[in-house]
1. Please go through the stretch 64-81 and give me each residue that is under 16 Å from L95 (Cα atoms) and charged (D, E, K, R), ordered by number.
2. Give the residue that is surrounded by the most Cβ atoms within 10 Å (Cβ to Cβ), with candidates limited to residues of the stretch 57-83 that are of a type in the set (G, A, S) and under 9 Å from the mean Cα position of the chain (by Cα).
3. Go over the candidates D36, D47 one by one and state the one that is exposed (fewer than 15 other Cβ atoms within 10 Å of the Cβ) and out of contact with any Pro (no Cβ under 6 Å at 6 or more places or on another chain).
4. Can you confirm whether H58 is of a type outside the set (K, R) and at negative phi?
5. Residues of the stretch 19-55 being within 15 Å of R67 (Cα to Cα) and without any contact (Cβ under 8 Å) to a residue 12 or more places away in the chain, which ones?
6. Find the helices (runs of 4 or more DSSP H) located wholly in the stretch 1-63 whose residues include 2 or more that are farther than 20 Å from L92 by Cα and modelled with pLDDT of 90 or more, and list them.
Amino acid sequence: MNTFADVASVARLVGDGDAVVRRRSAELLGALRAVDSVDALIALAKDADANVRNAACHSLGQIHAARARAVLEGIKASDPDGLVRDQADIALRRL
């Protein structure tokens with residue numbers, strides 16, 4: 001069985017210049033249920049790239065990050081991408 005637990009290494013990637021790297025780091029932080037990374041995921045939920053925002057919202061829902069409620073509500077109400085708005089709504093239901 002392979003296990004990966006180096007959350008700190010993944011969390012450092014949220015500021016990468018490549019949107020694909022930021023998206024994948026958001027996905028992995030959610031899969032790892034990295035509660036310590038909620039602030040980084042909140043920042044990614046405001047990223048310029050819609051795929052990154054979508055992944056961040058999904059991960060915040062996976063972590064059940066109640067302190068992200070206001071951010072997710074704002075995204076649900078006003079994000080320009082419909083998929084991101086839907087993902088924020090789903091995440092809010094998981095809180």
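1. R67, R69, E73, K76
2. So, considering only residues that are of a type in the set (G, A, S) and under 9 Å from the mean Cα position of the chain (by Cα), the one surrounded by the most Cβ atoms within 10 Å (Cβ to Cβ) is S59.
3. After applying the criteria, what remains is D36.
4. For H58, the condition - of a type outside the set (K, R) and at negative phi - is met.
5. Residue satisfying the conditions is D39 alone.
6. Where helices (runs of 4 or more DSSP H) fall fully within the stretch 1-63 and carry at least 2 residues being farther than 20 Å from L92 by Cα and modelled with pLDDT of 90 or more, they are 19-31.
The values are calculated or read from the model by the stated rules, or taken from the named source; none is laboratory data. This is a predicted model, so every value here is computed, not measured. Virtual Cβ from ideal backbone geometry, glycine too; neighbours counted across all protein chains shown.
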